[in-house]
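Here is the structure we will look at, set down as structure tokens.
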There are 4 protein chains.
Amino acid sequence: MAGNTFGKVFTLTSFGESHGAGIGGIIDGCPPGIALDMDFIQSELDRRRPGQSKLTTQRKEPDRVEFLSGIFEGQTTGTPIGFVVWNTNQKPKDYRHLKEAYRPSHADYTYDKKYGVRDYRGGGRSSARETVARVVAGALAKLLLKQVGVTVNAWVSAVGNITMQRHWEELDLNERENNLVRCPDPEAAAEMEAAITAIRKQGDTLGGVISAAVTGVPVGWGEPVFDKLHADLGKAMLSINAVKGFEYGSGFLGATLRGTEHNDTFVRKEGDIATLTNHSGGIQGGISNGENITFKVAFKPVATVMQAQETVNSDAQKVTLEGKGRHDPCVVPRAVPIVEAMAAITLADHYLRQKMYH
Amino acid sequence: MAGNTFGKVFTLTSFGESHGAGIGGIIDGCPPGIALDMDFIQSELDRRRPGQSKLTTQRKEPDRVEFLSGIFEGQTTGTPIGFVVWNTNQKPKDYRHLKEAYRPSHADYTYDKKYGVRDYRGGGRSSARETVARVVAGALAKLLLKQVGVTVNAWVSAVGNITMQRHWEELDLNERENNLVRCPDPEAAAEMEAAITAIRKQGDTLGGVISAAVTGVPVGWGEPVFDKLHADLGKAMLSINAVKGFEYGSGFLGATLRGTEHNDTFVRKEGDIATLTNHSGGIQGGISNGENITFKVAFKPVATVMQAQETVNSDAQKVTLEGKGRHDPCVVPRAVPIVEAMAAITLADHYLRQKMYH
Amino acid sequence: MAGNTFGKVFTLTSFGESHGAGIGGIIDGCPPGIALDMDFIQSELDRRRPGQSKLTTQRKEPDRVEFLSGIFEGQTTGTPIGFVVWNTNQKPKDYRHLKEAYRPSHADYTYDKKYGVRDYRGGGRSSARETVARVVAGALAKLLLKQVGVTVNAWVSAVGNITMQRHWEELDLNERENNLVRCPDPEAAAEMEAAITAIRKQGDTLGGVISAAVTGVPVGWGEPVFDKLHADLGKAMLSINAVKGFEYGSGFLGATLRGTEHNDTFVRKEGDIATLTNHSGGIQGGISNGENITFKVAFKPVATVMQAQETVNSDAQKVTLEGKGRHDPCVVPRAVPIVEAMAAITLADHYLRQKMYH
Amino acid sequence: MAGNTFGKVFTLTSFGESHGAGIGGIIDGCPPGIALDMDFIQSELDRRRPGQSKLTTQRKEPDRVEFLSGIFEGQTTGTPIGFVVWNTNQKPKDYRHLKEAYRPSHADYTYDKKYGVRDYRGGGRSSARETVARVVAGALAKLLLKQVGVTVNAWVSAVGNITMQRHWEELDLNERENNLVRCPDPEAAAEMEAAITAIRKQGDTLGGVISAAVTGVPVGWGEPVFDKLHADLGKAMLSINAVKGFEYGSGFLGATLRGTEHNDTFVRKEGDIATLTNHSGGIQGGISNGENITFKVAFKPVATVMQAQETVNSDAQKVTLEGKGRHDPCVVPRAVPIVEAMAAITLADHYLRQKMYH
């Protein structure tokens, strides 16, 4: 009800503020018998970690997860999995100047008005550091999905005005981990890196788009009429910090097509039913149809710029905010594992939900 | 869990198939003392009704709602409101040819595989006729929101490639009800009408975009980190039939802007705090900031075309489907009240949720 | 949230007031492919119906359920099952005198204060007539449970001070339907009938106890730590009108025993594991252990007596309430199918929840 | 869905096993601005702690709670409150003999069958040590309820066959903290202590009954028809380890009374409405009526006895289990704060839920 739980069967309830003791959560509904691959979980956390390169913020946090329950002799037990990632590198003094000033396009003002009490250090609960809990739960979800042959991959497909033009199926998606922007097309990646470097020098920031593809989902996941698979995926993505839009399959472009162009013809394929095209993005009527599930997520430019900005304080008086601290000039490279995590949690949830009534 | 309930405090649980006895639902959590304006409720149903014009399907359904409970002497009592809109005009024989063939880009195939049993008449549960329940609940939500000064307006802003260029704040939104496409810009409306008429003659269909603006929401609605106001609005919209994408505020375009362009400067305005621009779409950190809430919803072209289409049947054998029956060539004009309804339900829910802990 | 939904996977959302249009609900999460045995469903409604005999109220209501959705060609489809039982025999004039007076030990006063608006006719939403929706959903749940070999039986084990002394396993439970009090022990039944007849002549009422046994539940149903099987059964029972207490297995008597007396020794039985005794009532640690699940439910005496009673009106002024109308002198015989229904719904829910783990 | 969350607005999601890293949870939906009285919270934990006396188990655990989030400068912020109580005194070797043997009337067998994987050390998740999380959340709930004048008190009213005869309103409830059994009647307390000491010497155990009274609840809390206040209280109590029964107001005894005896006459009292008697236990129609809320909870005798017991292992082979380790001979004294905690959580939840209507 207070909004800190995601999912209905496979659920994550998260807690934690940027500069509190730590970020953590409880994963409930994870089936027993999943082997805990700690190397994999750590590698997911590493993908999200700041300080990976000059393109991202320079904070050096270890971000190691400590599991507190729900695991015995290396396996999940079916009981709730409590975990925490300790905050080790907080510098609360960096944020004292924010106690009074409302940073433009941040959540300072709305949190203050909503709750009346606010942990202003580093954005508190509204900080993207909260997503570390999602990455932990997403790693568990991926391990669960792996058992049924489902893979979730996301990548950066646009930074500012630079858009990757090649189709993802022509590319090696693993290639995205070989560059700092997490774009699988090396040429587009180079351009994106240059753009981020340039904007950083200007003390400004850029937005971008993350694309994702989920493979291996069988026909039948999704719970219409409200918990359609893409509706839950959309909510999952829109709950990530800085996200402004979500589309799946043909998306907004699909709105400009004709029905005869857009319809995905059913055909027989290896004895089974498949579609010739995939404008549906792998989901029809809110239920997976066995094709690849594809979607895109738009991220706004990072709100913290390294320039002076006019704003007001809590007394509605004009103040000038100087840009300082350690911040990403573009959030999308680090958001790739977060998008994957939220997609994996959503799919794990629907995988288990589908089991319920069959 | 099975996906037919929306909302957490103000909730709609819907039931009904296209060609069953009726479409209905239960609204639970509606506060007591709301005067039931039946004329208003009927007018909302009329806006959604097919057969309004040559642009929409020619079925003539009365679509009158019968309230079964939760109302006494013209007011809500705080107990659950059961209601039904009877199906009076079903022609099941029209659909017998669909029993075996899977219509392209419809939910026939996925429902069949998911449930094993399927009411194939008119799409059954997957039919957009289900949205009549949403419009009833949305009308109640609007009556509730009216008490706190909140108004929800949606309109058609694009049909196929024709996009309304003028900003909604320059226009009289009421004007949208004076044309068949529900676009408040009469010139754009005329172009859109022409495009729909033309596509209809070709036996083809068009998609489009609906834009919406919610005014009067105070600071503080929305429940981060997962039930962010825009995340719940996004899920609400994506749960509507034929929707392919959702964006709020600057949306996908925002992903191409710089931080210094995108940030909404806080200013003092009439003693209170406001923003100079509204790229945030009235929501920051998942919580309303007092500005207008704006979002857009992309609809794919209607999947039922009046042309022969190749497809397969449940045995994966090739069949040809002839286009027939009564169908809209473009769904967006009739979807306007549905978008408004789902937005109103979402906002009513968050209005009540916000009361809980203050 | 507003309290009109029971269950998490197999759910009933109910609506309706005593003298409104009807009582109904939506069953969501019922698996597809359950054959709808209408004779069975009607027989369950008949068991709950008033006017069965001189022991119960003389209202003659047909109580036929109309299914509005979720069923196609005689089978459930997996989509929500809307239904209504029309109220056909309301006499609102009987209740006009209650508009102002708060009946002792009824919900008139609390509803008035909670909601501010109240449908006072026949108790409105607080009337036990609401349980007709539970019986319909319970009948569906029984049909589902039957597929996995689970049977739910309840019976009257006490009326006022008269308690059935014989153990249920020595008796033929079907025998309970052969007498008016639904007690499977004919001798106890005769005494109970005499007691009810006597109290009725005095214009007074009696309470009683219903016992229940669920057979065929395999090991593993129940979701600790909060949704323990007996905790959900307890809530289900306590949500029934007039219920004052719930106990399972050894219950309150168990609190007086020693550990060595109370412990159920595990033994090997037909190659499997069983217990020698069943003080656990078939549930250990909140999870079914394969033994019979047994529990008891205490009902208070009916609050409406055929005698004059002092009370107050909404202005806190003293008024005298004359007993009139048609009311049961003892509710337990008619409550037997309601207890069974709520048990069946709870078990159906946990049956489906358990599937998550496999 | 997996059963580890309690409440709908004020919620506790708990995690942790007896011999894992710790027991903890997340409290979500706690309003902002509650001052964190750490001394009070610690005193609640101390009341639950084992090793308080010769009557309870000799484990010496510090049981200090560490709050990880949701608190800033000594106040709740409205964001989720993560917390952990570290396990510091585990001796896993004590439990190695339980790996194979199923302890009678414990959850070993049912957990093993349900999940397939089991942390057998000290009962794992099924251990009453889990209730430490409830006591932390209950302390927060009490602090919230205190703001609106609501007090929750529980006490031991029976141990084995010894029942406190005096009415709680004649006694000073604080007196219960002055004796080891937490009975407010010193004479009954002395008898109970003697009984526990005696049974302990025999290597056997006793059950008992805890009574509770909640004062200060205004008219209007509770959400019929399913989330009746007493139904949620009942579920809360039944979810506590070793509980076998729950009754409120007149309870099972009420089932033996006549309507004219049982009805609570409404009267005018200090300008307001009150009842002369309180068989209703402060709740009518599932909604608080302004009188004291009273209920009783039955606990079975502790299953771990210090005597040899026959049982089977996971291969269904007969084994003998020797009694050893540190265990309470009677659980009710330590369960008093747990009963209070669960009552406080339930009431805090319904307090916030009731706000929806105003």
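The values are calculated or read from the model by the stated rules, or taken from the named source; none is laboratory data. Just so you know, these numbers come straight off a predicted model, no measurement behind them. Cβ placement follows ideal geometry from the backbone for every residue including glycine, while neighbour counts extend to all protein chains displayed. To get the accessible areas, we keep the full protein, side chains included, count just its heavy atoms, and leave off ligands, DNA and RNA. Shrake-Rupley method; radii C 1.70, N 1.55, O 1.52, S 1.80 Å.
Numbers for the structure displayed
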{"read-out": "Pseudo-label separations to other copies for A:Gln42 - Cα-to-Cβ vector, 7 Å, nm", "value": "3.7, 6.9, 7.0"}
{"read-out": "Helix C:186-201 axis, angle to chain C major axis (alpha carbon atoms, nearest 10°)", "value": "20"}
{"read-out": "Span from the the range B:100-152 Cα centroid across to the the range D:18-33 one, whole angstrom", "value": "39"}
{"read-out": "Size of the B/A contact, given as accessible area buried on both chains, probe 1.4 Å, in Å²", "value": "8500"}
{"read-out": "Per-selection metrics, the range A:56-215 (Cα): Rg and Dmax in Å", "value": "19.5, 52"}
{"read-out": "Peptide A:309-319 - average C-beta neighbours from other chains (10 Å radius)", "value": "4"}
{"read-out": "Cα shape, the range A:315-358, gyration tensor, a/c 1.5 rule", "value": "oblate"}
{"read-out": "All-pairs alpha carbon distance profile, the range D:186-307, 5 Å steps from 0, percent", "value": "2, 10, 15, 17, 17, 13, 10, 8, 5, 2, 1, 0, 0"}
{"read-out": "Inter-chain Cβ neighbour average for residues A:39-48, partner chain, 10 Å", "value": "0"}
{"read-out": "Candidate aspartates and glutamates for bridging to C:Lys324, where Cα separation is under 18 Å - those fewer than 8 sequence places away on the same chain excluded", "value": "C:Asp94, C:Glu100, C:Asp108, C:Asp204, C:Glu310"}
{"read-out": "The range A:177-232 shape via C-alpha gyration tensor axes, a/c threshold 1.5", "value": "oblate"}
{"read-out": "Peptide-level mean, for D:158-166, of C-beta atoms on other protein chains within 10 Å", "value": "2"}
{"read-out": "Percent RCO, i.e. relative contact order, over chain A, from Cα pairs under 8 Å lying at least 6 residues apart", "value": "22"}
{"read-out": "Among the listed pairs C:Lys146/C:Lys355; D:Lys146/D:Lys355; B:Lys8/D:Lys355; C:Lys228/D:Lys142, those beyond 20 Å (Cα-Cα)", "value": "C:Lys228/D:Lys142"}
{"read-out": "Ascending list, in nanometres, of distances separating the B:Pro62 label from those of the other copies (7 Å, Cα toward Cβ)", "value": "2.1, 7.3, 7.5"}
{"read-out": "Rotation relating A and B, chain B residue nearest the axis via C-beta, angstrom", "value": "B:Lys235, 2"}
{"read-out": "Label distances, nm, B:Thr88 versus same residue in remaining copies, Cβ-directed 7 Å point", "value": "2.4, 7.1, 7.4"}
{"read-out": "Part-to-part distance (alpha-carbon centres) for the range D:178-243 and the range B:183-258, which is given in Å", "value": "56"}
{"read-out": "Where only alpha carbons of the protein assembly as shown are counted, the Rg and the Dmax (Å)", "value": "31.3, 94"}
{"read-out": "Sites C:Thr320 and D:His167 - FRET efficiency at Förster radius 25 Å, r taken between beta-carbons, to 0.05", "value": "0.25"}
{"read-out": "³J(HN,Hα), Karplus 6.51/-1.76/1.60, whole Hz, each residue of the range C:222-233, x for Gly, Pro", "value": "x, 10, x, 9, 9, 8, 4, 4, 6, 5, 6, 4"}
